[in-house]
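Peer 1: Mind having a look at this structure? Questions to follow.
Bear in mind these aren't lab numbers, they're just calculated from the coordinates by the rules spelled out. The structure presented is a predicted model; accordingly, all values stated were derived computationally and were not measured. Every residue, glycine as well, gets a Cβ built from its backbone with ideal geometry; the counts of neighbours run over all protein chains shown.
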Amino acid sequence: MDLCWTQAGKKERVEADAAGQYWRCTLIEPETRLRVGRGIGQTETAAAIELWQQVKRRRAHCHRPPPLLSDGWGGHREALVQVYGQLPVYTGRGRPPTRKQPGSDWHYTQMVKQRDENGKLIGVEVRVIYGDETTLQRTGGRTVHVERTHLTSRHMNGRLVRKTLGFSKQVSMLRAACVWEDAVYNLARRLKTLRIEVNPSDDQRWFHRSPAMAAGLTDHIWSIRELLTWVPIPTNRF
């Protein structure tokens, strides 16, 4: 997962708490590139909490977060505890516990990038927040996929472009644009990294797939007309 920022609100036309800088938090599956959740908030923590509340609703059968890999920002630690954490069992002595605790079966690792004074990447430090270093194997060991999807988002969604006059004038419209963008990305956009070679000597060499096809949610790439006229059945993964 990773974060990107944008702006919303018009000067003197909306309330102060509905304007300013907003953060969008995106969660994808590394193998299928499927966007499985998003959160939008005025702070990184608020965006992460909204994301994990969304994931928890969609994975109601599971009471722990999926294996997670992110960059060095530490806000997800607090968000995971707030959404998935449990209060310790009260033993009957002293004050009852009020602070939630992380689960012993959680897996969360950070890839902390180290840069020199010129901003050049000189190394990466692995920090195990919850669990052990097997999280790297569970999540692919890299954050490049979710970082690359931010570039795709800025091309698909003009509201996320930096230093633009096309930012959202209402937060609700920002949320609606992000929902539409994720739907097009998952169902109607083919990814070059997901294609499968079927016949090297034939004119049709590659079988193209969308993230939803790679995740087994559909058997074809949707058209925009199909996306606008059909309602996908909600699942635990999409």
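Peer 1: Under a point-charge model restricted to the Cβ atoms of Lys and Arg (+1) and Asp and Glu (-1), what is the dipole moment magnitude of the range 2-229 relative to its Cα centre, in debye to the nearest 20?
Peer 2: Dipole about the Cα centre, nearest 20: 540 debye.
Peer 1: Putting +1 on Lys and Arg Cβ atoms and -1 on Asp and Glu Cβ atoms, find which of Tyr22, Val128, Leu194 reaches farthest to the positive end of the dipole of the range 2-229.
Peer 2: Highest projection toward the positive end goes to Tyr22.
Peer 1: Only sites in a loop by DSSP and with at most 12 other Cβ atoms within 10 Å count here; which GluC sites (Glu not before Pro) in the range 92-193 make the cut?
Peer 2: Qualifying residues, ordered by number: Glu117, Glu133.
Peer 1: Tell me the label-point distance for the pair Trp180, Trp230, using the 7 Å Cα-to-Cβ offset, in nm and rounded to one decimal.
Peer 2: With each label placed 7 Å out from Cα toward Cβ, I get 2.0 nm.
Peer 1: Any chance you could list the semi-axes, whole Å, largest first, of the equivalent ellipsoid that the Cα gyration tensor gives for the range 2-229, using √(5λ)?
Peer 2: Over the Cα atoms of the range 2-229, the semi-axes work out to 32, 25, 20 Å.
Peer 1: While we're on this one: Each label point is 7 Å from the Cα along the Cα-to-Cβ direction; what then is the distance between the points at Ser104 and Arg195, in nm?
Peer 2: Simple spin-label model gives 4.9 nm for this pair.
Peer 1: Which of the chymotrypsin sites (Phe, Trp or Tyr not before Pro) across the range 53-153 are loop residues per DSSP, with 10 or fewer other Cβ within 10 Å?
Peer 2: When the chymotrypsin sites (Phe, Trp or Tyr not before Pro) of the range 53-153 are filtered for loop state and at most 10 Cβ neighbours within 10 Å, Tyr90 remain.
Peer 1: What FRET efficiency, computed as 1/(1 + (r/R0)^6) with R0 = 22 Å and r the Cβ-Cβ distance, is obtained for Lys120 and Arg162, rounded to the nearest 0.05?
Peer 2: 0.55
Peer 1: OK, next. How high is the relative contact order of the range 2-229, in percent, with contacts defined as C-alpha pairs under 8 Å that are six or more residues apart?
Peer 2: 17
Peer 1: Go through 184-196, 200-212 and give me the packing order, highest mean Cβ count within 10 Å leading.
Peer 2: Going from most to least packed, we get 184-196, 200-212.
Peer 1: Quick check for you: which residues of the range 88-120 have the amide N under 15 Å from the point 7 Å beyond the Cα of Arg127 toward its beta carbon?
Peer 2: 108-115
Peer 1: Quote the FRET efficiency, to the nearest 0.05, computed for Lys113 versus Asp219 with a Förster distance R0 of 35 Å and r equal to the Cβ-Cβ distance.
Peer 2: FRET efficiency, Lys113 to Asp219: 0.35.
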